[in-house]
Each structure stands twice: as structure tokens, then as C-alpha cells.
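Okay, so here's the structure we're looking at.
Where a number appears in this text, it was derived from the coordinates with a stated rule and is not lab data. Predicted, not measured: the structure shown is a model, and the values here were computed from it. Here the Cβ positions follow ideal geometry from the backbone for every residue, glycine too, while neighbour counts run over all protein chains shown.
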Amino acid sequence: MDIVQLLRQRVVVFDGPYGTELQQRGLPGGEPPETWILQKPEEVIAIHVSYLEAGPDVIHTNTFGANRIRLSRFGLGEQVQEINRKAVALAREAIRRTGRAEVIVEGNIGPTGELLEPLGDLTSEAALEAFTEQAQALAEAGADFLHVKTMTSLEEALLALKAALGTGLPVIVSMAYHLSHKGAFTMMGVEAGKAVETFEREGASAVGANCEVQIQEMVEIVKAMRGRTSLPIVAQPNGGKPTLQEGTIVYPETPESFTSHVPALIEAGANAVGACCGARPSFIRMVVESVGKR
Ligand SMILES: [Zn+2]
């Protein structure tokens, strides 16, 4: 099934985060999650499997930081192609092992981690080139659609969207918004309504919000987006508010409390529900049950 068709038909369930899952399995803090695609592929497959067993419609590749600009910081700049291709293969392998052939594979594209000119040194050309390289590798390896995610800069999100559309695949664009008394904004000051209008005009198949907030706040962010676009909305809030306990970051939310807000999220206008940092496969399992009961 095509992701665009499915989003128009019913509430779709996406999966949850990989970074925090990999850390649970021993990925050292500060090391990019993409290193395990090459070094410990079985661990990545195991996380895909744990999500697949929870029952979502979509799983994503572990490629949040797999663009040349970000990978170069870790000496992996020459392995962009290999990492993105293998990431899609690992997701497909997990689908094969669980027999869930109907599951859709999202190729995940995150930010470069650098600031565009004039705020920083990154040129638009360099960013577009890096996003194009990653998008093409994900598409050629067989991703079903691309999801530009966790963006905070509108310019950078638009460059990634342009690169992703160049593959011919459907593209979803999600930004990381927080709530203030003035509305929903990214860290860089991009207003959610303005962002979704822009992405719709520029050819996105759906828009979304991910990371940054817990699910209660995501309900308000989705409302702010819903009034400004006719596109499907994908909502992927964090698994609670991170708190520091004895030097480690803990997300205290339970799958039950998270899922109790899912009906409100759908009422607000979300067409798809998934999760971000701190959520676990157990959260997705309950979301699948909750959505199925509707
Ligand atoms: Zn996140």
C-alpha cells in the first residue's frame, strides 16, 4: 500500500525512536546511531523487529544523521552510500523475519546539524548536495517514501524536501515544534502554520511534527497545523519529558499515559501517530491497540 493512499484512508501508526533504543543496547553516548548499521547490524535489526512485533504500519530506517555533512564529523563521510543502502536492507530483513510484508519502509532524513549561511558556514548548495546524495541512496535501496524529520530551519527543511522530491518518491516533512503562549514554533522561530503551508505549496505529500514535546503539547501543535493545511498530519511526540536522574536522561512517561492522549491527538486532526525520543516499542504496541479500537 502506498503511504499517501493509506494516510487518506485511516489513522496510520508509525514506529518509535532508534537512538534511545540503541543506547539501551549499549551504544555509547556521543556515538552516532548510524555506526551500528555497519558494525552491529543485528542490533539494528533487533530494534526493527521489536517495533514490527508491536504492529505499526510504518517503520523507518536508522538514518537520521546519515548525510555527508553530519557523518563527516565522525570520519564516516565516505560511507554515506553504504550506510543508507544497508539501513534500508536491515529494515527489509526485519520485515522478512517477522513476515510483515505489508509494512511500509520510511527513509528517514534528519538535519545536517550545521547552520545555513548567514547564521553559519553551510551554503545552500552544500546542504542540497548532501540531502540529494542521501535521498538518492535511500530511494535506490528501496525505501517506499522519504520523511524529512526533526527540522528546525525552514530553509534547511525546504532544501531537504527539494532533494527528496527529486527521487520521485512521496515526501513527508516534519519539524520539531515547541509550544509558547504565541503558538507552535521551532527552536529557530519557524511558526507551524506557516511551515505547513509552505511544505504543501512545495510538493510535500504530508506534514508532521516530531520530537521536542510530550503528547499533551503535541495535541495543541496538531491543532495549530490542522487549520492551515489540507495535507495529512503525522504526529510523533516524545515519550514524556526528559529528566535527569543520577546523571542519566530518563523519560518517565508510561505507555498507558502516552496512549491515553492518542484519541485527543486524532480529534485534533492527526492522520498518523508515532513516537520520538524516550518512547519504546511498548508504547507503539498500545497505540496500535488504541487506534484499532476506534
Ligand atoms: Zn526525538
Fill in the blank from the handout: In segment 231-245, anything more than 15 Å from residue 283 (Cα to Cα), touching a residue at least 60 places away in the same chain (Cβ under 8 Å) and assigned to a loop (DSSP other than H, G, I, E, B) is listed as 232
Completion exercise
residue 292: passes all of (1) in contact with a helix residue (DSSP H, G or I) (Cβ under 7 Å, 6 or more places away or on another chain); (2) surrounded by fewer than 19 Cβ atoms within 10 Å (Cβ to Cβ) but (1)
Practice task
Could you list, in sequence order, all residues of segment 192-221 that are closer than 25 Å to residue 258 by Cα and among the acidic types (Asp, Glu)?
Solution key: 212, 217, 220
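Only one residue in 106, 102 is touching a residue at least 60 places away in the same chain (Cβ under 8 Å), touching a Ser or Thr at 6+ places or on another chain (Cβ under 9 Å) and among the acidic types (Asp, Glu), so which one is that?
106
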Practice task
Please find, among 145, 64, 131, the residue that is more than 18 Å from residue 34 (Cα to Cα), buried (at least 18 other Cβ atoms within 10 Å of the Cβ) and aromatic (Phe, Trp, Tyr).
Solution key: 145
Practice task
Return yes when residue 23 is within 16 Å of the ligand (Cβ to nearest atom), surrounded by fewer than 20 Cβ atoms within 10 Å (Cβ to Cβ) and either assigned to a helix (DSSP H, G or I) or touching a residue at least 60 places away in the same chain (Cβ under 8 Å) (or both) and no when it is not.
Solution key: yes
Exercise for the section: Can you confirm whether segment 52-75 contains a residue that is free of Cβ contacts under 8 Å to residues at least 24 places away in the same chain and farther than 21 Å from residue 251 by Cα? Expected result: yes
Practice task
Output the number of the condition that residue 109 fails; it satisfies all remaining conditions of (1) closer than 25 Å to residue 40 by Cβ; (2) aliphatic (A, V, I, L, M); (3) surrounded by fewer than 18 Cβ atoms within 10 Å (Cβ to Cβ).
Solution key: (3)
Practice task
Might you let me know whether segment 239-261 holds any residue that is within 16 Å of the ligand (Cβ to nearest atom), aliphatic (A, V, I, L, M) and surrounded by 24 or more Cβ atoms within 10 Å (Cβ to Cβ)?
Solution key: no
Exercise for the section: Can you work out which of the residues in segment 186-218 that are surrounded by fewer than 24 Cβ atoms within 10 Å (Cβ to Cβ) and assigned to a helix (DSSP H, G or I) is farthest from the ligand (Cβ to nearest atom)? Expected result: 201
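Give the residues of segment 158-179 that are assigned to a strand (DSSP E or B) and either surrounded by fewer than 19 Cβ atoms within 10 Å (Cβ to Cβ) or aromatic (Phe, Trp, Tyr) (or both), sorted by residue number.
Going residue by residue through segment 158-179, those that are assigned to a strand (DSSP E or B) are 171-175, 177-179.
Of everything in segment 158-179, those that are assigned to a strand (DSSP E or B) and either surrounded by fewer than 19 Cβ atoms within 10 Å (Cβ to Cβ) or aromatic (Phe, Trp, Tyr) (or both) turn out to be 177, 178, 179.
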Problem - Failed item in (1) part of a helix (DSSP H, G or I); (2) within 22 Å of residue 287 (Cβ to Cβ), with residue 84 passing the rest - result: (2)
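Is it the case that some residue within segment 103-113 is within 16 Å of the ligand (Cβ to nearest atom), touching a Leu at 6+ places or on another chain (Cβ under 7 Å), within 23 Å of residue 196 (Cα to Cα) and of a type outside the set (Phe, Trp, Tyr)?
yes
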